[in-house]
1. Label segment 279-402 by shape, choosing from rounded, prolate and oblate, from the square roots a ≥ b ≥ c of the eigenvalues of the Cα gyration tensor; if a/c is under 1.5 it is rounded, and otherwise prolate applies when a/b is larger than b/c, oblate when it is not.
2. With a length cut of 20 Å (Cα positions projected on each helix's long axis) and a Kyte-Doolittle mean of at least 1.0, go through the chain and give me the DSSP H helices that pass.
3. What distance in nm lies between label points placed 7 Å from Cα along the C-beta direction at residue 251 and residue 178?
4. Where does the charge balance sit around residue 274 when Lys and Arg score +1, Asp and Glu -1, over other residues with C-beta under 15 Å from its C-beta?
5. Measure off, as a whole percent, the carbon and sulfur share of the 1.4 Å-probe accessible area of the chain, all protein chains present.
6. Could you give the length gained by full extension between residue 156 and residue 404, i.e. 0.36 nm per residue of separation minus their alpha carbon distance, to one decimal place?
7. Considering only protein heavy atoms, with the full assembly of protein chains and a 1.4 angstrom probe, order 200, 323, 185 by accessible area, largest first.
8. Rounded to the nearest 0.05, what FRET efficiency is calculated for residue 355 and residue 186 with R0 set to 51 Å and r the Cβ-Cβ distance?
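The values are calculated or read from the model by the stated rules, or taken from the named source; none is laboratory data. Source: prediction; values computed, not measured. Note: ideal-geometry Cβ built from the backbone for every residue, glycine included; neighbour counts use all protein chains shown. For the accessible areas, the whole protein counts, side chains as well, though only heavy atoms, and no ligand, DNA or RNA atoms are used. Shrake-Rupley method; radii C 1.70, N 1.55, O 1.52, S 1.80 Å.
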Amino acid sequence: MTTATDVNQPTLRPSAPTGRRMSLPVVLLVIAGGLALTSIVRIITGANGITNVSQMSTALQLAVPIGLAGLGGLWAERSGVVNIGLEGMMILGTWFGAWAGYQWGPWTGVLVGIVGGCLGGLLHAIITVTFNVNHIVSGVAINILALGVTRYLSPLAFEGVQGGSAKQSPPVESLGHFTVPGLSDWLTTLNSKGWFFVSDIAGLLGGLVTNVSWLTLIAIALIPGTWWVLWRTPFGLRLRSCGENPVAAESLGVNVYKYKYLAVIISGGLAGLGGVFLSIVANPFYLEGQTSGRGYIGLAAMIFGNWMPGGLALGAGLFGYTDSLNLRGGSANVHALLLLGAILLVIGAIWLAVKKKYVSAVVTLVVGALVFLWYSSTNEVPNQIVSATPYVITLLVLSLSAQRLRMPKADGLPYRKGQGK
C-alpha cells in the first residue's frame with residue numbers, strides 16, 4: 001500500500017508491489033508444468049491442434065484486444081475508478097478506427113480509434129469524478145451510449161460507399177504482418193514432430209514469431225510499459241495513491257481529480273486501441289457487434305491478474321486461447337481439454353487436502369471425476385459448448401481465484417475534493 005511519506009517524496013524510487021506474489025522462476029515453473037500436462041493430454045487424445053503453431057498464433061491475435069481492454073481497466077481502477085464502460089470504449093475504437101482507416105490509411109485509423117476510446121474515457125471521468133455518479137451506472141450508460149452512437153453514425157458514414165453498408169464499413173488496408181524468417185519455419189517443423197513437451201514449446205514460440213501484426217508488438221510492449229510507469233515512477237506512485245487513499249494523497253498535495261481524469265482517459269484510449277485491433281487487424285473492417293463482450297472479458301482478465309499487468313497478460317492469454325478453439329478444430333480440441341480439466345481438478349483436490357481443506361478437496365475431486373466421466377463417455381462436445389467455452393472459463397477462473405484477490409482500497413468509492421478536512 002502507498003504510504004503518506006512515499007507520496008510526499010517525488011524523487012523517491014517507488015518500490016515494486018509487495019504481498020503474496022509468486023517469483024518469476026515459480027511462475028515459469030507453473031507455466032512449464034501446465035504445458036507438460038497439456039503435452040501429455042495431446043499425446044493421449046491425439047488432438048495435436050491444441051498446441052500447434054496456427055492455434056497459438058490465433059490465440060495471440062484473440063488475446064490482444066482482451067489484454068488491451070484489461071490494461072485500460074487496470075489504469076482506471078488503480079486510480080480508484082471502476083470502469084465497466086470498457087466495452088463501450090472498445091466499440092468507439094472499432095468504429096472511429098475503421099472510419100478513419102478506410103479514408104486516410106490504417107495508422108491514421110489507429111490514432112483516431114484511440115481518440116474515440118479516450119472520448120469515452122473522458123465522459124466516464126466527468127460523470128464519475130466530477131459529478132460523483134455511481135461508477136457501475138456510468139459504465140453501463142457509456143456502453144449503451146456507444147452502441148447507440150455507432151449504430152446511428154454507421155448508415156450516415158458507410159452507406160453508399162463501395163464495400164460499406166448500414167452495419168459495416170468499407171475495407172481498411174492492412175497494417176502489415178511479419179514472420180521471423182528461418183526461426184518460424186524451424187519451429188513449425190519441430191512442432192509437427194509431435195514430441196513430448198519440446199514440440200509444444202515449439203508451437204507456443206512459433207505462434208509468437210509467425211504472421212504477427214505490428215500492432216500486436218505495440219500491445220505486448222504496453223504490458224511492461226504499464227508496469228514501469230505505475231510502479232517505477234513518481235507519476236505512477238501518485239496515481240496509485242489516489243486508488244488506495246485519496247484523502248491522504250490530497251493532504252500531501254496530490255491533485256486527485258487530475259490523476260483520476262488522466263487514468264480514466266488513458267484507460268479509454270487503451271480500450272479504444274483494443275477496438276482498433278478488432279476492426280483493422282483481426283478484421284479489415286468495422287462490423288456492428290464485433291466486440292462481442294471482449295470489454296467485459298478484459299475486465300475479468302484484470303481481476304484474474306489481481307490488478308497487476310503480468311497476471312492480466314496471463315489471463316488474456318488464457319481467454320484468447322479458449323476463444324481460438326472456436327476457429328480451429330473446436331469440438332475435438334475442447335473434448336481433449338476436458339481430460340486436462342479433470343487432471344487439474346484432481347491435482348487441486350490433492351493440494352486442498354494437503355492444506356487440510358477437506359470439504360473443498362472432496363467437492364473438487366467429485367467435480368473432477370464428473371468431468372473425466374464426461375470425457376470418457378463421449379467422443380466430442382456440442383458446438384454450443386465450444387462457443388461458450390471462453391465465457392465458462394472466465395467464470396471458473398474468477399471463482400477459483402477470488403480468495404487471493406486484493407483490489408485497490410478506494411476502488412469505486414465516492415470521493416469529493418477536500419472531504420478529509
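1. It is oblate, given that a/c is not under 1.5 and a/b is not larger than b/c.
2. Span-like helices here: 24-45, 106-125, 135-158, 214-232, 256-276, 330-354, 358-376, 383-401.
3. 5.1 nm
4. Numbers: positive: 294; negative: 87, 323.
Its environment carries a net charge of -1.
5. Numbers: 13350 of 19540 Å².
It is 68 percent, rounded to a whole number.
6. On the way: separation 248, 0.36 × 248 = 89.28 nm, distance 4.85 nm.
Working it through step by step, the gained length comes to 84.4 nm.
7. Numbers: 200 0, 323 30, 185 105 Å².
Accessible-area ranking of 200, 323, 185, largest first: 185, 323, 200.
8. FRET efficiency, residue 355 to residue 186: 0.70.
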